[in-house]
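The values are calculated or read from the model by the stated rules, or taken from the named source; none is laboratory data. As the structure is a prediction and not an experimental result, all values here were calculated from the model. Backbone-built Cβ (ideal geometry, glycine too); neighbour counts: all protein chains shown.
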Amino acid sequence: MSQDGSTPSGEGGSSGAEIGRTGGAETAGTINAAGVGGGNSTTSTGAVAVAEGGGGAAGEAGVPAGGAAGDDTAPLPAGGTAGAQPAGGASPTCAPSAEVCDGVDNDCNGAVDDSATIAGLCAQESVCLDGSCVSLPVDGSCVGVQYATHAYAYCSLALDWATAQSYCETLGAHLATITSAAEDAALKSLLVKQEDAWIGLDRAATCEWTWVTGEPVSYTAWPVNFPDGSCGAYDCVQLWGQRDAQWDDTYCTDEQRFLCEWEPDP
Ligand SMILES: [Ca+2]
Ligand SMILES: [Ca+2]
Ligand SMILES: [Ca+2]
């Protein structure tokens, strides 16, 4: 069920940028603490996110793309040192240092430019892409964040689903796809309280739920009795701000915030 569109509009307009950044910063700060512990408790799901960009990590560290062990340890530098070292073929010659956004696996955990915290490796209004911190457009009111090797932006523009997807595409991204519980938790933790946000799941074209990337819809986190709409009405999915950011099918024409995601280089 959808809320009406009045919630985001109160923070729209020129003040949106400031609100978005401020809210995101406060939230991200909170998440940092939670994110460390959360990351360690979500090893199996963390593997999914890294596997999506596994090519990047594999290319650097020599980990086979399908290597579950390497993927498991990759996003967990804090606790995964022992496991991570054997996974990377280059580990014996790797001198660990703090991970920074430079296209190199600085901490020798088998993943390039991975972050243990949702705040990521770059300043707030930027994301780590291809080894560089790239600034986000000011007009998008987007806060850049990161989960493992994936970069995201939480944008406070009020856009309908299709326009939000187009906006993400102009940044070289797409509406965020949630394919693991850990990714779900990371993104949910970003949301400003009470604010809805689009994710990249819809069924407008085929009546089948489809991620914008074509990733399998294998992980879902619908609350009980959801989706609650019929095809042709509630065809797009949001994280529902007033319901703890649970998945919610709603009208694609609602205008609200959204989450963009970049795929790491293969
Ligand atoms: Ca690393
Ligand atoms: Ca790095
Ligand atoms: Ca994703």
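Filter the stretch 172-184 for residues that are buried (at least 19 other Cβ atoms within 10 Å of the Cβ) and either assigned to a loop (DSSP other than H, G, I, E, B) or of a type in the set (S, T, N, Q) (or both) and give the result.
The answer is 173, 176, 177, 178, 179, 180.
Could you tell me whether residue 206 is without any contact (Cβ under 8 Å) to a residue 24 or more places away in the chain, more than 27 Å from residue 128 (Cβ to Cβ) and not basic (Lys, Arg)?
On the way: without any contact (Cβ under 8 Å) to a residue 24 or more places away in the chain: yes; more than 27 Å from residue 128 (Cβ to Cβ): yes; not basic (Lys, Arg): yes.
Yes.
Take residues that are aliphatic (A, V, I, L, M) and within 23 Å of residue 167 (Cβ to Cβ) and tell me which of the strands (runs of 3 or more DSSP E) falling wholly in the stretch 185-261 contain 2 or more. Even if it seems obvious, please write down each step before you answer.
On the way: elements: 197-202, 236-240, 246-250.
By residue number, 197-202, 236-240.
Just need a number here: residues in the stretch 121-145 that are within 14 Å of ligand 2 (Cβ to nearest atom) and either crowded, with 24+ Cβ neighbours inside 10 Å or among the hydrophobic types (A, V, I, L, M, F, W, C) (or both). Walk me through it before giving the result.
Going through the stretch 121-145, the residues within 14 Å of ligand 2 (Cβ to nearest atom) turn out to be 121-122, 127-133.
Restricting the remaining residues to those that are either crowded, with 24+ Cβ neighbours inside 10 Å or among the hydrophobic types (A, V, I, L, M, F, W, C) (or both) gives 121-122, 127-129, 133.
The number of residues fulfilling the criteria is 6.
How many residues, within the stretch 91-110, are crowded, with 17+ Cβ neighbours inside 10 Å and within 9 Å of ligand 2 (Cβ to nearest atom)?
From the stretch 91-110, those crowded, with 17+ Cβ neighbours inside 10 Å are 91, 94, 99, 101, 105-110; that's our starting set.
Going one step further and asking which of them are within 9 Å of ligand 2 (Cβ to nearest atom), we end up with 99, 101, 105-107.
Counting residues in the stretch 91-110 that are crowded, with 17+ Cβ neighbours inside 10 Å and within 9 Å of ligand 2 (Cβ to nearest atom) gives 5.
With the structure loaded, tell me whether residue 114 is among the acidic types (Asp, Glu), within 24 Å of residue 237 (Cα to Cα) and in contact with an Asp or Glu (Cβ under 9 Å, 6 or more places away or on another chain) or whether it fails that test.
When the stated conditions are applied, residue 114 does not pass them.
Hey, can you tell me all the residues within the stretch 114-136 that are within 16 Å of ligand 3 (Cβ to nearest atom) and either on the phi > 0 side of the Ramachandran plot or part of a loop (DSSP other than H, G, I, E, B) (or both)?
Taking the stretch 114-136 as the starting set, the residues that turn out to be within 16 Å of ligand 3 (Cβ to nearest atom) are 114-115, 118, 120, 127-129.
Of everything in the stretch 114-136, those that are within 16 Å of ligand 3 (Cβ to nearest atom) and either on the phi > 0 side of the Ramachandran plot or part of a loop (DSSP other than H, G, I, E, B) (or both) turn out to be 114, 118, 120.
If residue 209 satisfies all but one of (1) within 16 Å of ligand 1 (Cβ to nearest atom); (2) surrounded by fewer than 22 Cβ atoms within 10 Å (Cβ to Cβ), what's the number of the condition it fails?
(1)
Could you tell me whether residue 164 is surrounded by 18 or more Cβ atoms within 10 Å (Cβ to Cβ), more than 16 Å from ligand 2 (Cβ to nearest atom), within 12 Å of the chain's Cα centre (by Cα) and touching a residue at least 12 places away in the same chain (Cβ under 8 Å)?
Numbers: surrounded by 18 or more Cβ atoms within 10 Å (Cβ to Cβ): yes; more than 16 Å from ligand 2 (Cβ to nearest atom): yes; within 12 Å of the chain's Cα centre (by Cα): no; touching a residue at least 12 places away in the same chain (Cβ under 8 Å): yes.
No.
Just a yes or no: is a residue in the stretch 104-120 more than 13 Å from residue 265 (Cβ to Cβ), within 8 Å of ligand 1 (Cβ to nearest atom) and out of contact with any helix residue (DSSP H, G or I) (no Cβ under 8 Å at 6 or more places or on another chain)?
Yes, the conditions are met somewhere in the stretch 104-120.
Would you confirm, using the coordinates I've provided, whether residue 215 is among the charged types (D, E, K, R) and either at pLDDT 95 or above or in contact with a helix residue (DSSP H, G or I) (Cβ under 6 Å, 6 or more places away or on another chain) (or both)? Give the derivation first.
Details: among the charged types (D, E, K, R): yes; either at pLDDT 95 or above or in contact with a helix residue (DSSP H, G or I) (Cβ under 6 Å, 6 or more places away or on another chain) (or both): yes.
It is true that residue 215 is among the charged types (D, E, K, R) and either at pLDDT 95 or above or in contact with a helix residue (DSSP H, G or I) (Cβ under 6 Å, 6 or more places away or on another chain) (or both).
Could you tell me how many of the residues in the stretch 218-266 are at pLDDT below 95 and of a type in the set (A, V, I, L, M)?
Residues that pass the stated criteria total 4.
Within the stretch 224-232, identify whether any single residue is closer than 15 Å to residue 179 by Cβ and not β-branched (Val, Ile, Thr), and answer yes or no. So that I can check it myself, show each step before the final result.
Filtering the stretch 224-232 down to residues closer than 15 Å to residue 179 by Cβ leaves none.
The answer is no; no qualifying residue exists.
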